[in-house]
Amino acid sequence: MFVARSIAADHKDLIHDVSYDFHGRRMATCSSDQSVKVWDKTESGEWHCTASWKTHSGSVWRVTWAHPEFGQVLASCSFDRTAAVWEEIVGESNDKQRGQSHWIKRTTLVDSRTSVTDVKFAPKHMGLMLTTCSADGVVRIYEAPDVMNLSQWSLQHEISCKLSCSCISWNPSSSRAHPPMIAVGSDDSSVTYTGKVQIYEYSENTRKEISSSTGPTKFEVQIVAQFDNHNSQVWRVSWNITSTLLASSGDDGCVRLWKANYMDNWKCTGILKGDGSPGNGSSGQPGALGTAGGTLAAASQNSLNGTSVGR
Amino acid sequence: MSGPKPDILWSPHHVDRYVICDSELSLYRIESLGSTEAKAGAVPLSEETAATLLAINSDTPYMKCVAWYPKHEPECLLAVGQANGRVVLTSLGQSHNSKCKELMGKEFVPKHARQCNTLAWNPVDSNWLAAGLDKHRADFSVLIWDISSKFTPEASVPAEKIRLSSGDTDSGVVVTKPLYELGQNDACLSLCWLPRDQKLLLAGMHRNLAIFDLRNTSQKMFVNTKAIQGVTVDPYFHDRVASFFEGQVAIWDLRKFEKPVLTLSEQPKPLTKVAWCPTRTGLLATLMRDSDVVRLYDMQHTPTPIGDETEPTIIERCVQPCETIIGSFAWHPSAQNRMVVVSPNRGMTDFTVFERISLAWSSGTSLVWACGRHLYECSEECGAGAAAAAERDVATKMRERAQSRYGHDTVQVWKNHVLAGGNDPQLKSLWYTLHYILHDHHRYYIIQCFPYFFGNKQPLLYSGIKNIVKSSTSGTTESRRCWSGSERPAEVVRYLSEERGLALQLCGWIRCGPDINVEPFLKSLEQEGEWERAAAVALFNLDIRRAIQILHKGASFDKGDLNLNVVAMALSGYTDEKSSLWREMCSSLRLQLSNPYLCVMFAFLTSEPGAYDGVLYESRVAVRDRVAFACMFLSDSQLPRYIDKLTNEMKEAGNLEGILLTGLTKDGVDLMESYVDRTGDVQTASFCMLKGSSGEVLKDPRVQCWIENYRNLLDAWSFWHKRAEFDIHRSKLDPSSKPLAQVFVSCNFCGKSISYSCSSMPHQGRGFSQYGVSGSPTKSKVTSCPGCRKPLPRCALCLMNMGTPVSSCPGTGKSDEKVDLSKDKKLAQFNNWFTWCHNCRHGGHAGHMLNWFSDHSECPVSACTCRCMQLDTTGNLVPSDSS
């Protein structure tokens, strides 16, 4: 049972990304109004905006948190071709009293010549590393050699993906059984014959990231399930912390939740309307979402767009 | 624009009204379904909204285009452009105030009759109405009328003459003198006023786009292009204009008007309408003829200044508001991204274009998403009931289990399944298995009876029934046992050996010791109300009378199943005659029994000796019972084969009941791996592997990975106390996981570590045990460096020398200290710890410092402005599991 409630975001334009910190007690949003807002959860569970500042001179596409062991650090990327790293510092006491915190820019990464479409910190066991990808198809991996000095970042790797990149994701596993991996997604509409997702892994021997999915495939990528319930383009997907629940959003304005049962059969367990109103399959309570019944049972044969890279 | 196809217009001020115009004008009011459900005549527009027809106006025939008066008063005033070039003011609705009456029916007549193509009200000076007409060689095509101009007698005469078409009887005022006349000898197809200046008018002329400046009508700025239809200004960037020609949309920047800044991909059919979304920047909707989709272009950035040749990012989307072909659409003036579409046969649909929804899961159970400018958070509500519990996500389950100290019960290991909620049969089986394996008495017994098991490098104890059965060294004895309690001397072959006995113990059927009596087990099953299972176990031990007795007891028990009596009756008729009716009936009817244990009872009774597939492969029967059964009745050749097969089955399915077979060996890790793959339950996996696996298994990268992931989960949930407890628990079983000391404090004078020298002091044990009793003479000793005997730094507040042994030396009788110290006292001891700020390096007794910072934000040391307490944001977070 999921219940949605609205948060007064007060952004002046579209919100492009929203991201929780490691503990789920802070949240950052970014918007076309060129600003980033940081939200803190009060003890009563309400979200309270504690910082809002102009970060870029263009739409801010993505915002992401570093692991808290590196401090309170955010990274953002924008249409203005830059990515930036921000750190919260202890503000003046009156700031604190007003419940506001102060964020300062530690660095601006200006290597991209086109819009920077995504930014992600690497898993913490790799140290303080940051990846960006840009519309011209370049993935850049930066590292802060001194984790105490966030203003120095060196460009470690530059991978040319040959496709306009729209999103990146690190393999979160710290297992030594396989090297670090990044998946890069493309929104290039012209390409249909090869995959739009490329997976790169770090090769210890050559000390650089190598591609493993475009050429001869090292991994067997298997479609576990595929669904077309959104009836239209699917925009975003997100795993929960144990990767046992998947949320997806699509052009039909719905957020759908997916879950696998014991037999690894995925099915839709809930629909939420994007505007917070109850989904079609729900009972009449306002804002409440029941488990979607009969209509979806049939859909489970259809399958969903989730891929899993060899476990 | 309209013609046979209906067009649609939203009222500029009433958020719930719109007009459909085809041959007549119809005013609709849109309402949410809740309030109009009862009302007849409401046309449903979507799941939530319906429209009611308020008024129809058919006074103006030959309608070509319509424009809604932009000001509040008079409301519902519409200008209608007709096929003969006349522009008529008309109204819909009832409010007839004086001003409205005066304007109603007023006509504006061009000199030469030809079609009126477009109308545009000036948004600032709302008396000005621009009309675009077809070409006439001796006339202008862009006429700007002043609707407030008074009736002029000389103008009325020609008006009388030209009254060709309007057969209406109204004696409306006729105006024939326009305020401005522009665009001679040309046709005008589209018009729009530029918001930059109220006197600038953009017109799509025959072969060019022209900007007329009314302050100087002789001058115009123009650019030759074919894209002259449907000019419209972006409401958010007043320099951005869209126009179209056939299937192509051109986007213009008025600051560099020479050529379009952008042409959008061409559509196969001509476009009929292009409109900027009024509630959102850079969203342009286009409609193609005979199409059922509205194509949206999302220009997600502000137009760049001149000279910057960046490639603009445009996201193209198609939305399909309804099943039918779309005749026209209109954006709602204020509701976000909302539009009404109308089909050629006047079917209407209310529709909202959703923005790209971005979403994220928190480490807990909440999901947040952003839709447009709005944020929504949603979290999983804890539903009650077993069904809800089973449906819940494993993350939620693990969270709850962590809070109930799941896995921490090392004495009564089986109890962990109760801590886990007690509703998962697999976990129950797992923890009972571990309980039997780890049970102390059991261990001693095994060591006594099977010393050779421990001669091997790997103790067989943890290695599960599979290895126990394989390693069978002592001979198996066959014994022919008679049925007790049955008159007939039927004999069943039963196998016995030490290993089989051990296996039965692990299965829980018999207690440890040489005794192979199952009676205690039956008693406990009876207590739990598992009558069928108890009966089956009794039967497998060839005690048919006991089985019948159990069934009877079950039937007579409170709320018991009376059918059990019937089963008991059926049992009592057991006969081993091959061709008896009893046999025949039992073997066919048993399949209809819903309880698996009842089913296998009859399977056992009716099967041939040595062929017990009906029992062994009944998957609904618990693995431990099947294994125990196999250990009793399968021969030495059959048994390992069966166990192997079952083990592989369990491994593949990731069924935790199989841990009984594999034990906590490599095999067990394999099984656990497929369990984790399937469920994601790293918690159970970590605790299970820590419960007594050998070091080798613990070093398996998979096991380490589960443990790390589980610790990470606890950290992410801010269950730091639980994580610390887990680490303690872990270090007990896996000493190699102990972390090193994190902080060393060295003396200012001699540079030696305070704790290091402290632990090397001969009398430290005594010192520690007496430490904490304030004012005790030994305390003065610890205020000095143990190495050089120089005093330690002073507390910034009390100005006393600090002194607390920070080392956690082993063997300091900590445990008994803990017992008699109340919570307050423990904290009192913590008050003596010394702390310092990493930034300014000032410090003091922890208690004093905490006290100080509860009222102050700056460091207590004079002239130090360090905000020591606010430096670390994470430190201010409180754990979620503090109890």
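The values are calculated or read from the model by the stated rules, or taken from the named source; none is laboratory data. None of these values were measured; they are calculated from a predicted model. Cβ: placed from backbone, ideal geometry, glycine included. Neighbour counts: every protein chain shown. Only protein heavy atoms, including side chains, enter the accessible area calculation; ligands, DNA and RNA are left aside. Shrake-Rupley method; radii C 1.70, N 1.55, O 1.52, S 1.80 Å.
List of remarks:
- A:Y142 exposes around 10 Å² of accessible area when a 1.4 Å probe is run over every protein chain in place.
- Distance between the pseudo-spin-label points of A:H48 and B:E47 (7 Å out from Cα toward the beta carbon): 3.7 nm.
- Over all projection directions, the Cα-based convex hull of segment B:612-676 averages an area of 4.1 nm².
- Taken residue by residue and averaged, Cβ atoms of other chains lying within 10 Å of the Cβ of A:5-13 number 5.
- Taking amide H atoms as placed 1.01 Å from N in the peptide plane, the amide H of A:H16 lies under 5 Å from those of A:C30, A:S31, A:S32, each 5 or more residues away in sequence or on another chain.
- Summed over all non-identical Cα pairs, the Kirkwood treatment of segment B:572-627 gives a radius of 11.6 Å.
- Rounded to the nearest whole Hz, the Karplus-based 3J(HN,Hα) values (6.51 cos²θ - 1.76 cosθ + 1.60, θ = phi - 60°) of segment B:320-335 follow the sequence 10, x, 8, 6, 8, 5, 9, x, 7, 9, 8, 6, 6, x, 10, 5, with x at glycine and proline.
- Per-residue 3J(HN,Hα) values for segment B:260-276, derived from phi via the Karplus relation 6.51 cos²θ - 1.76 cosθ + 1.60 with θ = phi - 60°, read x, 6, 7, 10, 7, 3, 6, 9, x, 10, x, 7, 10, 7, 9, 8, 6 Hz in sequence order (x marks Gly and Pro).
- These residues, B:K738, B:K5, A:K259, go from largest to smallest accessible area, 1.4 Å probe, as B:K738, B:K5, A:K259.
- Each chain gives up part of its surface: B and A jointly bury about 6200 Å² of accessible area, both sides summed, for a 1.4 Å probe.
- Ligands, DNA and RNA excluded, the heavy atoms of B:H374 present near 80 Å² of accessible surface to a 1.4 Å solvent probe.
- Computed with the Debye formula from one identical point scatterer per Cα of segment B:476-635, without solvent, the log10 of I(q)/I(0) at q = 0.15, 0.19, 0.20 Å⁻¹ comes to -0.78, -1.30, -1.45.
- Cβ-Cβ FRET estimate between A:V147 and A:Q226, R0 fixed at 41 Å, reported to 0.05: 0.50
- Mean projection of the Cα convex hull over all viewing directions, computed for segment B:562-720: 12.9 nm².
- Note on B:Y297: accessible area approximately 10 square angstrom, rounded to 10, probe 1.4 Å, nucleic acids and ligands left out.
- Spatially proximal aspartates and glutamates relative to B:K651 (Cα-Cα < 12 Å; intrachain offsets below 8 disregarded): B:D667, B:D670, B:E673, B:D677
- Gain upon complete extension [B:Q742, B:E246; 0.36 nm per residue less C-alpha separation]: 171.2 nm
- Under 19 Å from the Cα of A:K54 - aspartates and glutamates, other chains or at least 8 residues apart: A:D10, A:D13, A:D17, A:D33, A:D40, A:D80, A:E87, A:E88, A:D95, A:D118
- Measuring r between the beta carbons of B:F853 and A:W170 and using R0 = 35 Å, the FRET efficiency lands at 0.35.
- Largest first, the residues B:H14, A:H23, A:H125 sort by 1.4 Å accessible area into A:H125, B:H14, A:H23.
- Taking amide hydrogens as placed 1.01 Å from N in the peptide plane, the amide H of B:T49 sits under 5 Å from those of B:L33, each at least 5 positions away in sequence or on another chain.
- B:L191 long-range amide H proximity, modeled H, under 5 Å: B:G204, B:V231
- Applying 1/(1 + (r/R0)^6) with r as the Cβ-Cβ distance of B:D644 and A:S154 and R0 = 60 angstrom yields a FRET efficiency of 0.60.
- Rounded to whole Hz, the Karplus (6.51, -1.76, 1.60) HN-Hα couplings of segment B:422-436, x for glycine and proline: x, 10, 10, x, 5, 5, 4, 4, 4, 6, 5, 4, 4, 4, 5
- Model label sites at A:R113 and B:S587, defined 7 Å from Cα along the beta-carbon direction, differ in position by 8.3 nm.
- Between the alpha-carbon centres of segment B:721-741 and segment B:518-589 there is a gap of 49 Å.
- Residue order for A:I168, A:I104 - accessible surface, 1.4 angstrom probe, largest first: A:I104, A:I168
- Distance from segment A:18-53 to segment B:235-249 (C-alpha centre basis), Å: 37
- Counting only other chain Cβ atoms within 10 Å of each residue's Cβ, the peptide A:33-40 averages 1.
- For the set B:K470/B:K578; B:K220/B:K273; B:K415/B:K691; A:K124/B:K699, the pairs lying more than 24 angstrom apart at their alpha carbons are B:K470/B:K578; B:K220/B:K273.
- Shielding of peptide A:258-271 by partners, expressed as the average count of other chain Cβ atoms within 10 Å per residue Cβ, is 2.
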